[in-house]
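To keep things clear, I will list the structure first and then write my remarks on it.
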Amino acid sequence: MLTLVIEVLLAFITILSAGHAFLYKRDPKAAWGWVAVCLMFPGGGAALYWLMGVNRIRTRARTWKAKGKFDHPIAPAAAQCEPPPVADRSIAALVRIGDTVTGLPLLDGNRISILHNGEAAYPAMQDAIARARDRLYLSTYIFRTDAIGRQFIDALGAAAERGVDVRVLIDGVGELYTFPWASAWLRRTKVRVARFLPLVRRGFHFNLRNHRKLLVVDGRVGFTGGMNIGEHHLAEQPNNPHRVVDLQVGVEGPVAAQLEEVFLRDWHFATGDAPGDAERTSVTPGHACCRGISAGPNEDFEKLYWIVLGALGAARSHVRIMTPYFIPDRALLAALNMAALRGVRVDLVLPQRNNLPYVAWAMRAFLWEVLQYGAHVYYQPGPFVHSKLLAVDDVYTLVGSANLDPRSLRLNFEFNLEIYDREVSAALTRHFDETRNGSREISLAEMDGRPLPERLRDSAAKLFSPYF
């Protein structure tokens with residue numbers, strides 16, 4: 001009798017799991033594969049499916065969203081770009097993609113500052129902190145407590161002492177990169193500090209990390225990009241053994257309100273505090289059209305992913321990509337290759353020395369798939385390059401915290417900034433071209449000529465790349 005009950009239970013679980021895969025897997029090959037696994041291995045196949053085949057990360061994040069965890073009553077900013085800032089139809093189509101998937105306006109009247117490495121970014125950020133009068137919000141993945149970190153802690157504490165509403169949000173896993181923790185130091189001041197999904201709360205979440213880097217002052221000045229807080233971003237110090245090259249942008253104008261909205265939504269999720277009303281600036285100090293892209297597994301659309309695909313489809317002359325981690329899926333590979341086949345020059349700059357060896361191995365396994373269709377791939381010499389940049393033709397640039405890998409595009413909470421401005425584009429493409437000219441180009445023959453042990457290692461890493 002017991003054996004019969006077990007067999008019926010296994011059959012029920014098997015059919016349930018196979019049916020779930022049949023109904024909800026978007027890729028037919030994945031659907032049939034999981035159905036076959038469930039039916040061929042009763043019980044064990046179903047367990048494997050629920051362990052590895054179901055995206056519980058996105059489900060959990062959207063459940064939190066449905067419960068209002070990411071909601072906040074913030075009024076939209078004004079000064080929308082209208083008509084679209086460029087006449088080219090393909091770029092105008094890209095503007096419409098952003099309108100649709102983000103639900104946010106493209107805002108005119110912004111001034112952009114390009115800040116290379118901590119030497120340029122940190123003084124500008126600390127100066128903005130010193131000038132704060134009403135409110136100051138900082139969100140970061142890593143906040144080290146080295147000399148640079150302590151400078152920021154002192155500056156934030158001083159702002160709170162003079163009556164500024166200072167809030168700091170640190171990712172619960174990113175904070176563990178350093179000890180003592182920055183949150184402990186900040187709690188000795190009047191700064192309000194919170195951690196985003198600490199490991200010991202709401203379950204164990206190695207994924208669902210807040211990878212955003214945001215600093216917003218008084219709703220009118222902001223900073224975003226790839227930089228965390230710490231000495232390792234002082235790339236011009238040759239005696240710094242852990243130095244990292246990176247890119248940050250400063251923004252002044254209406255789009256700063258979009259950065260602030262993202263912070264307040266994350267703060268509400270982490271603390272439950274209502275954001276309250278905030279005064280919005282109407283100052284338009286520049287002429288760049290910008291839009292903030294808040295991306296994460298809680299969103300209805302994979303916003304950043306669709307915008308990147310749209311940007312590659314809109315390219316007519318040149319695509320420039322700089323990223324530390326290049327782990328593309330099939331659609332992204334197809335978009336890159338289609339751009340190259342259309343005659344668009346596709347340049348991809350990657351770090352020659354990566355801080356994650358297994359990611360570097362997987363990246364190598366993907367390169368031949370873009371090289372064979374005419375893309376150009378370059379290895380930038382050390383120190384490690386953490387910059388993230390996508391530039392299309394001479395008008396569109398995308399900068400921020402996201403890498404071109406599954407973790408950034410689907411698992412983490414990220415923030416990127418769209419910039420439609422020829423001057424900014426010219427400055428960033430000039431930086432890219434100078435970097436590319438100082439890098440070593442990789443050929444298809446070099447990839448094909450890797451020794452067999454290296455090819456096996458790289459291919460094995462590629463198999464696990466969706467879980468990096």
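The values are calculated or read from the model by the stated rules, or taken from the named source; none is laboratory data. Given the structure is predicted, the values throughout are model-derived calculations rather than measurements. FYI the Cβ positions are ideal-geometry reconstructions off the backbone, even for glycines, and counts take in every protein chain you see. What goes into the accessible areas is simple: the full protein's heavy atoms, side chains included, and nothing from ligands, DNA or RNA. Shrake-Rupley method; radii C 1.70, N 1.55, O 1.52, S 1.80 Å.
A few comments on the model shown:
- Each part reduced to its alpha carbon centroid, the stretch 441-462 and the stretch 309-324 end up 25 Å apart.
- With K and R counted +1 and D and E -1, the other residues having a Cβ less than 14 Å from that of residue 458 yield a net charge of +1.
- Note that the stretch 310-468 presents 38 Å² accessible area per residue, ligands and nucleic acids not counted, probe 1.4 Å.
- Accessible carbon and sulfur surface of the stretch 106-183 relative to its total accessible area, %, 1.4 Å: 51
- Placing R0 at 35 angstrom, the Cβ-Cβ distance between residue 133 and residue 430 gives a FRET efficiency of 0.50 after rounding to 0.05.
- Once you reduce the stretch 366-389 and the stretch 132-171 to the center of their Cα atoms, the two points are 35 Å from each other.
- Amide H contacts under 5 Å for residue 318, placed H, 5+ residues apart: 345, 393
- Estimated FRET transfer efficiency (residue 147, residue 454; beta-carbon r; R0 45 Å; 0.05): 0.70
- Prolate/oblate/rounded label for the stretch 406-468 (Cα gyration tensor, a/c 1.5): oblate
- Residue-count net charge about residue 285 - beta-carbon cut-off 11 Å; Lys, Arg +1, Asp, Glu -1: +1
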